[in-house]
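Single-structure report; data block below.
None of the figures in this text is laboratory data; all of them are computed from the coordinates on show. In this text the structure is predicted, and so the values were computed from the model without any measurement. Here Cβ is always computed from backbone atoms with ideal geometry, including for glycine, and neighbour counts include all displayed protein chains.
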Amino acid sequence: MVEISERMNAFLLNDKKESRVAFGSTLDRELLPLKTPHTRAGNEMGLRGVPNLGPGSYNNDQVSSFVHGLNQKPVGKKGYSLGARTAQRFSKKNNDYPGPPTHQKTVTKLREFPPAQKPFQCGASRFPQLRVDFTPGPGCYEFDTARDRKVQFHGSFGGTQILKSPVTLICNKDEEYRCMKSGEKPVGDFWMNNKKQVLSRPSYEAYKQELSEKERTKFLDKFFKVRDCTDRHEHEGTNAKLRLMSDKDIEKIRRREAYLSLYY
């Protein structure tokens, strides 16, 4: 009786109640590998396929048989014998074919010639006009000059090689130049110094004859040969350059002039 009364007093006086929940939940405990957490790691840990399918449960004998392989191939339902053919047994022959000499020309047929529009079927000029501006004459070369000359280039080690042109191209932009000696407008290539003083070719040659070697070195060495840009591009009163020749043609002319300048 004493033990029962003590247990009754402990039960009535004790405020703490015993929890009937294990691990803080009354749900069934989820275990791996059938249940995985809803995280990236759980997605990698889960079983793939049917978890309750064990060895010996596959129909391997059915899908690997000879009959199953024949059923998967698209074959004719009538079989492979002679009666399975559906094409016409005796087809109609088309005899409407051209013969061997049909596409050949008749060798004995007379040839017909159209009337000639020009004498001897040739309209070229008998005495063509030669372009003497790009081809120097026989007496323009120096026979006692050194051979094996090479075109010079501006450049450095590993840098871009730029052709050294004997003529400098300038854009006058409708600016008119006058020779400082004759006062006339120069024709073709002319000579100019850094002060934009201009000498025509006749005036330059005249100075070479009139001046002494010392005066010629002091005065004429400051001039360099220039050319107007009218044959390369147009400006039309602006700074824009309307190209008249392609870059390929310009490069051909520059290389030809650089080569011919070595000999005359």
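Mind counting lysine pairs for me in region 117-204? Cα separation below 26 Å, and the two need to be 8 or more apart along the chain or on different chains.
Going through region 117-204 pair by pair, I get 12.
Rounded to the nearest 5, what % of the DSSP beta bridges within region 166-260 are antiparallel ones? Spell out each step's value before the answer.
Values: 7 of 11 bridges.
Around 65 percent of the beta bridges assigned by DSSP in region 166-260 are antiparallel ones.
Given Cα pairs under 8 Å that are at least 6 residues apart, what percent is the relative contact order of region 166-260?
On the way: 114 pairs, mean separation 29.0, N = 95.
Taking the mean separation of contacting Cα pairs over the length of region 166-260, I get 30 percent.
For the pair R126/M180, report the inter-label distance in nm, with labels modelled 7 Å from Cα in the Cβ direction.
In this crude spin-label approximation the distance works out to 5.3 nm.
How many nm is it between the label spots at L32 and L110, if each spot is 7 Å from the Cα in line with the beta carbon?
For L32 paired with L110, the spin-label model returns 10.7 nm.
Provide S182, S200 in ascending order of the number of other Cβ atoms located within 10 Å of each residue's Cβ, fewest first.
Numbers: S182 13, S200 23.
Taking fewest neighbouring Cβ atoms as first place, the list is S182, S200.
Net charge within 13 Å of I250 by Cβ-Cβ distance, Lys/Arg positive one each and Asp/Glu negative one each, not counting I250 itself? Could you put the intermediate results ahead of the total?
Numbers: positive: R227, R232, K241, R243, K248, K252, R254, R255, R256; negative: D231, D247, D249, E251, E257.
Neighbour charge sum, excluding I250 itself: +4.
All other residues with a Cβ under 13 Å from the Cβ of K225 taken together, and with Lys, Arg as +1 and Asp, Glu as -1, what is their net charge?
Values: positive: K164, R201, K222, R227; negative: D189, E205, D221, D228, E257.
Spelling it out: positives minus negatives among the neighbours equals -1.
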